Amino acid sequence: MPYGAGARPDGAISFCREKPYDVGRRRALQDETIRNSKRLRKLYVKSFGCQMNVYDSHRMTDLLAREDYAETTAPADADLIILNTCHIREKAVEKVYSELGRIRKLKHEAKRAGRNPVVAVAGCVAQAEGEEIVRRAPVVDMVIGPQNYHRLPALLAQVESGAKVVDTEFPLQDKFARLAPATVTAIRARGVTAFVTVQEGCDKFCTFCVVPYTRGTEVSRPVATIVAEVENLVRAGVREITLIGQNVNAYHGEGANGRPATLSHLLNRIAKVPSVLRLRYTTSHPRDMDENLIAAHRDLAILMPQLHLPVQSGSDRVLAAMNRRHTRAEYLDLIARLRATRPDMALTSDFIVGFPDETEEDFRDTLNIVDEVGFAGAFSFKYSPRPGTPAADRRDQIADEVKTERLARLQDRIERHQRAFNRNCIGRSLEVLLEKPGRNPGQLVGRSPYLQPVQVMAPSSLIGEIATAQITDVGSNSLFGALHSMEARAPALAGTGG
Ligand code: 5AD
Ligand code: SF4
């Protein structure tokens with residue numbers, strides 16, 4: 001997978017250097033240790049799909065920590081297994097069912113050993129397929145849609161009393177208000193970068209996409225609750241915040257004056273939180289990139305020069321059929337305005353090939369928009385008909401061999417530009433937020449402002465710091481760099497409040 005705005009695996013990070021945490025936080029850790037001494041049940045959560053699912057998995061884990069569930073990475077040991085699923089393409093759904101096949105065997109073995117682990121399917125497959133999951137995979141005890149996670153403890157109690165539970169309502173209550181904040185221990189285990197969901201659902205109704213049906217209509221969280229969550233994360237050592245939402249730049253949460261606030265307002269507000277060193281947001285729709293948001297990339301030093309802005313296709317005919325609500329020229333004009341504001345902006349995209357009736361000429365328009373923009377990376381997919389979406393009913397579906405062939409050509413083109421973008425970084429000095437141990441002993445890996453992974457030789461005491469690295473080489477997925485001396489960075493770091 002090329003570098004881009006996809007979900008990043010959150011490896012556990014051990015902090016080797018004590019940071020100046022305050023007494024309250026130390027006490028929170030002690031409370032947690034006391035709680036941990038009670039009998040803990042074990043929870044295994046597996047996330048499929050987007051960053052939103054990674055975030056939701058964390059929030060479920062945080063909520064269940066209150067119910068004395070501790071996370072395990074071994075499904076065979078778990079008392080509760082949650083698959084947090086993705087319905088965006090057929091392949092994603094099939095992955096879930098094959099995982100359930102493996103879990104059926106685990107549950108069988110657990111039962112022979114006198115245990116009876118609960119198996120739950122959460123996320124968008126749960127929302128879309130509901131009871132069908134229990135019919136197809138009887139090993140499943142609970143099906144819970146993305147809007148219902150706050151009800152997990154109550155639903156678990158029902159399962160423990162012998163019921164099979166399917167909960168895919170869209171409740172009126174605000175699930176975020178009912179979910180538990182993450183503990184210091186949990187935040188630290190997840191590392192120095194964190195996602196925060198600010199907006200959920202989508203009203204755009206692209207004709208290929210299930211999201212408006214599985215995640216529902218657009219809902220934005222109030223500014224104040226997002227800021228409180230960011231402050232909680234930062235107190236525990238998080239340094240980079242990525243605001244996430246299916247249509248994040250359509251954000252319109254309640255602001256301080258009770259009126260809807262825009263994403264640029266929210267970014268400006270979060271930039272005032274001390275010790276936030278970096279901000280990003282994803283995923284954006286071209287139609288919702290307003291002038292203030294573009295200006296934020298010039299005015300906010302901590303807003304990274306990187307934007308995931310899916311275009312899906314370079315053909316006006318296909319864009320119209322997809323109901324994307326913009327033309328190729330409008331997209332290109334937007335890119336020009338972004339680059340005029342922030343010349344080094346790294347742009348990434350998503351593409352779909354083989355949308356119904358896509359001709360070779362349409363597809364060539366997609367190839368040449370890749371050249372025209374010079375994307376730093378992109379995700380690309382074969383069109384997958386999703387039940388219930390308008391495009392799935394079209395009779396003019398494209399043959400799979402054609403899709404496969406187009407995908408290979410597109411990926412080749414994308415990779416060429418990605419390699420060029422990365423090679424261009426050789427010899428440059430880039431600021432790297434050091435995140436976790438790297439591939440080899442003595443190495444740390446961090447991210448450049450453009451979201452590229454950068455491997456450097458550095459002591460683990462620098463995790464959570466921004467260091468300047470001279471880029472010396474590029475690999476297939478990462479850059480390699482040599483750190484400048486940290487002393488040179490000290491005044492700049494002091495200025496950020498970090
Ligand atoms: N088929 C293929 N790709 C899809 N995506 C969304 N729906 C489909 C589908 N039915 C892709 C889009 C979107 C990304 C998250 O997944 O490119 O931006
Ligand atoms: Fe799906 Fe994104 Fe279109 Fe919304 S804007 S319908 S999430 S592809």
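The set of residues in the stretch 177-194 being open to solvent by less than 30 Å² (accessible area, probe 1.4 Å) and touching a residue at least 60 places away in the same chain (Cβ under 8 Å) consists of 179, 180, 182, 184, 186, 191, 192, 193.
In this structure, is residue 383 in contact with a Lys or Arg (Cβ under 9 Å, 6 or more places away or on another chain) and either aromatic (Phe, Trp, Tyr) or within 19 Å of residue 306 (Cβ to Cβ) (or both)?
Details: in contact with a Lys or Arg (Cβ under 9 Å, 6 or more places away or on another chain): yes; either aromatic (Phe, Trp, Tyr) or within 19 Å of residue 306 (Cβ to Cβ) (or both): yes.
For residue 383, the condition - in contact with a Lys or Arg (Cβ under 9 Å, 6 or more places away or on another chain) and either aromatic (Phe, Trp, Tyr) or within 19 Å of residue 306 (Cβ to Cβ) (or both) - is met.
Taken together, the residues in the stretch 460-480 that are in contact (Cβ under 8 Å) with a residue 24 or more places away in the chain and either part of a loop (DSSP other than H, G, I, E, B) or more than 18 Å from residue 420 (Cβ to Cβ) (or both) amount to 13. Restricted to the stretch 303-403, the set of helices (runs of 4 or more DSSP H) holding at least 2 residues that are within 16 Å of ligand 2 (Cβ to nearest atom) comprises 316-321, 328-341. You will find that of 242, 217, 283, 197, the residue that is under 30 Å from residue 357 (Cβ atoms) and within 16 Å of ligand 1 (Cβ to nearest atom) is 283 and no other. Considering the conditions (1) in contact (Cβ under 8 Å) with a residue 60 or more places away in the chain; (2) away from ligand 1 (no atom under 16 Å from the Cβ), residue 337 is excluded by exactly one of them, (1).
Taken over the stretch 200-251, the residue count meeting the criterion of being of a type in the set (Phe, Trp, Tyr) and either under 19 Å from the mean Cα position of the chain (by Cα) or more than 16 Å from ligand 2 (Cβ to nearest atom) (or both) is 1. Just one of (1) over 21 Å from residue 194 (Cα atoms); (2) under 25 Å from the mean Cα position of the chain (by Cα); (3) open to solvent by less than 20 Å² (accessible area, probe 1.4 Å) fails for residue 466. It is (1). Out of the stretch 78-96, which residues are within 15 Å of residue 120 (Cβ to Cβ) and either out of contact with any Phe, Trp or Tyr (no Cβ under 9 Å at 6 or more places or on another chain) or without any contact (Cβ under 8 Å) to a residue 40 or more places away in the chain (or both)? Correct list: 78, 79, 81, 84. Looking across 404, 468, one residue alone is β-branched (Val, Ile, Thr), farther than 30 Å from residue 312 by Cβ and at pLDDT 95 or above. It is 468. Among all residues of the stretch 252-272, there is none that is within 13 Å of ligand 2 (Cβ to nearest atom), among the β-branched types (Val, Ile, Thr), part of a helix (DSSP H, G or I) and buried (at least 17 other Cβ atoms within 10 Å of the Cβ).
Does at least one position in the stretch 146-169 carry a residue that is on the phi > 0 side of the Ramachandran plot and surrounded by fewer than 19 Cβ atoms within 10 Å (Cβ to Cβ)? Walk me through how you get there before you give the answer.
The first filter runs over the stretch 146-169 and keeps only residues on the phi > 0 side of the Ramachandran plot, leaving 162.
Filter once more, so that each one left must be surrounded by fewer than 19 Cβ atoms within 10 Å (Cβ to Cβ): 162.
Yes, the stretch 146-169 has at least one match.
Checking each residue in the stretch 418-445 for being of a type in the set (D, E, K, R) and within 27 Å of residue 347 (Cβ to Cβ) picks out 419, 423, 428, 431, 435, 436. When you look at residue 302, is it within 16 Å of ligand 1 (Cβ to nearest atom), farther than 22 Å from residue 420 by Cα, open to solvent by 10 Å² or more (accessible area, probe 1.4 Å) and aliphatic (A, V, I, L, M), yes or no? Against the criterion (within 16 Å of ligand 1 (Cβ to nearest atom), farther than 22 Å from residue 420 by Cα, open to solvent by 10 Å² or more (accessible area, probe 1.4 Å) and aliphatic (A, V, I, L, M)), residue 302 does not qualify. Would you confirm whether or not the stretch 280-300 contains a residue that is of a type in the set (A, V, I, L, M, F, W, C), at pLDDT 95 or above and assigned to a strand (DSSP E or B)? The answer is no; no qualifying residue exists. Taking the criterion of being open to solvent by 10 Å² or more (accessible area, probe 1.4 Å) and in a strand (DSSP E or B), the residues of the stretch 201-241 that qualify are 219, 220.
The values are calculated or read from the model by the stated rules, or taken from the named source; none is laboratory data. Everything numeric here is computed off the predicted structure, so don't read it as measured data. So basically every Cβ, Gly included, is an ideal-geometry build from the backbone, and we count neighbours across all protein chains shown. Ligands, DNA and RNA are stripped out before the accessible areas are found, and what is left, the full protein with its side chains, is counted by its heavy atoms. Shrake-Rupley method; radii C 1.70, N 1.55, O 1.52, S 1.80 Å.
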